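What follows is a set of notes on a single structure, which appears directly below.
The values are calculated or read from the model by the stated rules, or taken from the named source; none is laboratory data. As the structure is a prediction and not an experimental result, all values here were calculated from the model. Neighbour counts are summed over all protein chains in view; Cβ atoms, including those assigned to glycine, are modelled from backbone coordinates with ideal geometry. Keep in mind that these areas ignore ligands, DNA and RNA; they rest on the heavy atoms of the full protein, side chains included. Shrake-Rupley method; radii C 1.70, N 1.55, O 1.52, S 1.80 Å.
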Amino acid sequence: MKRPSFFRIFMNTGAWLVLAFLILPMLVVIPVSLTDTSYLAMPKEALSLRHYENYFSDARWLDATWQSFYIGVLTALSATVLGTVFSIGCWFLSSRASTIARWVLITPILVPPVVQSLGFYRFWVQLGLIDTVTGVVLAHTLLALPYVSISVFAALANLDRKIPQAARSLGASVPQTVWAVVVPAARPGILTGAVFAFIVSFDEIVGVLFITVRKVQTLPKMIWQGIQDNIDPTIAAVATLLVLATLVLMLAGSLRKT
Amino acid sequence: MTTTTIDPPAAAAARRGLSDRGWYWLFVAPALIAMVVFYIWPLVQIFGISFTEPEFGLGNYAALVESRPIQTSLVITFRVAAVTTLLCLVLGYMVSYAIYNAQHRMVGVMLALVLLPFWISVLIRSFAWIVLLGRSGVVNDSLIALGLIEKPIAMMHNEFGVVLAMVHVMLPFAVLPMMANMKGINRAYVDAARGLGASEFGAFWHVYLPQTKPGILSAALLVFVLSLGFYITPALLGGGRVLMISEYITYQIQELLRWGVGSMLSVTLLVMTAVVILAAARFVNLRKALLERG
């Protein structure tokens, strides 16, 4: 073994420092959520669960969590169905026109959030969708479509075109072929897309700030308003719960893969 | 299988009703129509508003030349986006390089650590920075407790705090395209250069780095475009003092109800974004960077 060079040590140390910069700051919400003070600070004299108690006993926080959850599920459902069918159609067509259609579908990734939210607001006023769950689900579905269509299309890249052709020449109709041959092949991409769609919706804030008023309260909106008005440590408790949930889901995901 | 027995004449009849391509377009239509009607059309309306409110003409656009606050905001936007992009490239490169060239067992851990922040919302991550950097935040409190400083240092509500938190949010977006690029690079060239007597740094600089240019450029494009229109983190950590253009637009609309100016700035931001993307198209494979990213 050669002695590691200065260059290699430099790059490796740098990488670990950067990773520490990525992870450690987020962990600060954990001790702060356990503070015994009524303002944001590290615990002073003892650890306390009162901010968790506050979250679990406050109807506004719980309602917001529930609303975020079911808006996320509805968004994941609609975006996954629309995006999957779209990508399958584009995969079969694979023409110039269908490539343009795919570009149209990913515009929400590139348009700044505030700009699209202004658009939503003006149009939703005309449609009477302001401050409704339908309005939020519709907006979130559009924002999630790029992720679903990209991941489904990526999954289809490995599918041999001869297989659906064989199904067709054996007499299966187009819908039958899609259902029995293409959808199973795209399943990993569909699942990834659905998870992405849920997370896009669950985390979305700028659109919600523009198109909802008082009736629709989502978790990100509660956190946003909490930060703006009075930063109370309940937000830290919520943040900790979300970080822990993410960790658990990530671990579960990586265990399933191995 | 009995359930999938197909009666050829019936299938043929179904086909006579709609050609194969007809079916495929039928699949494409719902999502495409939804996107055009509920997403593109509202953007077109914003475009229209910028020329018609409060009165018809180019009046709103005159503000781009006349209004000092707007010009300041545009300059801040570009500066913050540029600095963020530069820092993300340098820091992200080190991580991607270590992951693909370290040849040790920690690679899996490093990969997981890069991906983790992706799944945690930007709002939560910005909140964590507020907890850290605030006047009586964790950093200031600790420094005072240690006796290193007497008065809290202003670490947020200024460009420092905004850029710090933005780099944190944008880093994974820089790392992913660079990793995708490095994955496909053959070490043989670097090894050859080393065998011919180049130092490790020399081989990196003259042989490896040029091969990673496509990854660096797509990372730069992605981070810069996302930073230009970023709202959440600058709004929370800037505290109204680092008015990037997205926050300026929101302020015009929500506080002043000046839809004309707000729409005009939205169109400006959209055009700037488009110009950056089209300019980048000469150097970056947009298809790979955007349409086909895994």
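From the residues in region B:87-133 that are outside any helix (DSSP H, G or I) and over 17 Å from the mean Cα position of the chain (by Cα), which one is farthest from residue A:28 (Cα to Cα)? Looking at the filtered set, the residue picked out is B:103.
Applying a threshold of 6 Å to beta carbon distances and a minimum spacing of six or more residues, or different chains, the list of pairs starting in region B:54-73 at a residue that is more than 16 Å from residue B:259 (Cβ to Cβ) and ending at one that is assigned to a helix (DSSP H, G or I) and open to solvent by less than 30 Å² (accessible area, probe 1.4 Å) reads B:73/B:245; B:73/B:248. Of the residues making up region A:203-222, those that are under 12 Å from residue A:68 (Cα atoms), facing chain B (nearest Cβ under 8 Å) and either in a helix (DSSP H, G or I) or open to solvent by 20 Å² or more (accessible area, probe 1.4 Å) (or both) number 2.
Kindly state which helices (runs of 4 or more DSSP H) lie completely within region B:166-260 and contain at least 1 residues that are under 18 Å from residue B:95 (Cβ atoms) and aliphatic (A, V, I, L, M). Break it down into steps so the answer makes sense when it comes.
Working: elements: B:188-195, B:200-203, B:213-228, B:232-238, B:245-254.
Answer list for region B:166-260: B:213-228.
Here residue B:143 meets the list (1) away from chain A (no Cβ under 12 Å); (2) part of a helix (DSSP H, G or I); (3) within 22 Å of residue B:242 (Cβ to Cβ) almost entirely, failing just condition (3).
Of note, residue B:43 satisfies the criterion of being open to solvent by less than 60 Å² (accessible area, probe 1.4 Å), aliphatic (A, V, I, L, M), within 8 Å of another protein chain (Cβ to nearest Cβ) and assigned to a helix (DSSP H, G or I).
Checking the condition touching a residue at least 12 places away in the same chain (Cβ under 8 Å), farther than 25 Å from residue A:243 by Cβ and among the charged types (D, E, K, R), which residue from B:150, B:159 passes?
Working: B:150 fails: touching a residue at least 12 places away in the same chain (Cβ under 8 Å).
Step by step, each of B:150, B:159 is checked, and only B:159 is touching a residue at least 12 places away in the same chain (Cβ under 8 Å), farther than 25 Å from residue A:243 by Cβ and among the charged types (D, E, K, R).
Being closer than 30 Å to residue A:109 by Cβ and either more than 9 Å from every other protein chain (Cβ to nearest Cβ) or surrounded by 12 or more Cβ atoms within 10 Å (Cβ to Cβ) (or both) is the requirement here; does residue A:171 meet it? Even if it seems obvious, please write down each step before you answer.
Details: closer than 30 Å to residue A:109 by Cβ: no; either more than 9 Å from every other protein chain (Cβ to nearest Cβ) or surrounded by 12 or more Cβ atoms within 10 Å (Cβ to Cβ) (or both): yes.
No; evaluated as a whole, the condition is false for this residue.
Within region A:123-136, is there a residue that is more than 7 Å from every other protein chain (Cβ to nearest Cβ), under 15 Å from the mean Cα position of the chain (by Cα) and surrounded by 14 or more Cβ atoms within 10 Å (Cβ to Cβ)? Yes, region A:123-136 contains at least one residue that is more than 7 Å from every other protein chain (Cβ to nearest Cβ), under 15 Å from the mean Cα position of the chain (by Cα) and surrounded by 14 or more Cβ atoms within 10 Å (Cβ to Cβ).
Out of B:202, B:215, B:197, one residue alone is open to solvent by 40 Å² or more (accessible area, probe 1.4 Å) and under 28 Å from residue B:99 (Cα atoms). It is B:197.
Exactly one residue out of A:65, A:99, A:75 is open to solvent by less than 80 Å² (accessible area, probe 1.4 Å), of a type in the set (Ser, Thr, Tyr) and within 9 Å of chain B (Cβ to nearest Cβ), and it is A:99.
Regarding residue B:156, is this residue part of a loop (DSSP other than H, G, I, E, B) and within 23 Å of the chain's Cα centre (by Cα)? Judged against the criteria, residue B:156 is a match.
For the residues A:192, A:240, A:246, the requirement of being of a type in the set (S, T, N, Q) and buried (at least 21 other Cβ atoms within 10 Å of the Cβ) singles out A:240.
Taking residue B:61 as the residue in question, decide whether it is touching a Pro at 6+ places or on another chain (Cβ under 8 Å) and either at pLDDT below 85 or part of a helix (DSSP H, G or I) (or both). Outline the logic, then answer.
Values: touching a Pro at 6+ places or on another chain (Cβ under 8 Å): no; either at pLDDT below 85 or part of a helix (DSSP H, G or I) (or both): yes.
Taking the combined requirement at face value, the residue does not satisfy it.
Among the candidates A:225, A:176, A:165, the residue that is assigned to a helix (DSSP H, G or I), open to solvent by 20 Å² or more (accessible area, probe 1.4 Å), free of Cβ contacts under 8 Å to residues at least 24 places away in the same chain and within 29 Å of residue A:129 (Cβ to Cβ) is uniquely A:225. Filtered by the rule that a residue be surrounded by 16 or more Cβ atoms within 10 Å (Cβ to Cβ) and closer than 12 Å to residue A:85 by Cα, region A:179-188 gives A:182, A:186. Taken together, the residues in region B:236-285 that are more than 24 Å from residue B:126 (Cβ to Cβ) and either of a type in the set (Phe, Trp, Tyr) or open to solvent by less than 30 Å² (accessible area, probe 1.4 Å) (or both) amount to 11.
Considering (1) buried (at least 20 other Cβ atoms within 10 Å of the Cβ); (2) within 28 Å of residue B:169 (Cβ to Cβ), the lone condition that residue A:89 does not fulfil carries the number (2).
Taking the listed residues B:188, B:220, B:180, B:235, the one that is of a type in the set (Gly, Ala, Ser) and farther than 30 Å from residue A:109 by Cβ is B:188, with no other qualifying. Whether a residue is under 30 Å from residue B:204 (Cβ atoms), open to solvent by less than 30 Å² (accessible area, probe 1.4 Å), out of contact with any Cys (no Cβ under 8 Å at 6 or more places or on another chain) and at pLDDT 90 or above was assessed, and residue A:19 passes this test. Taking region A:78-96 as the range and being free of Cβ contacts under 8 Å to residues at least 60 places away in the same chain, under 14 Å from residue A:148 (Cα atoms) and more than 7 Å from chain B (Cβ to nearest Cβ) as the test, only A:81 passes. Applying the set (1) away from every other protein chain (no Cβ under 11 Å); (2) within 24 Å of residue A:229 (Cα to Cα); (3) open to solvent by less than 40 Å² (accessible area, probe 1.4 Å); (4) not β-branched (Val, Ile, Thr) to residue A:49 leaves exactly one unmet item: (3).
Within the option set B:221, B:290, being within 14 Å of the chain's Cα centre (by Cα), over 24 Å from residue B:75 (Cα atoms) and within 11 Å of chain A (Cβ to nearest Cβ) holds for one residue only, B:290.
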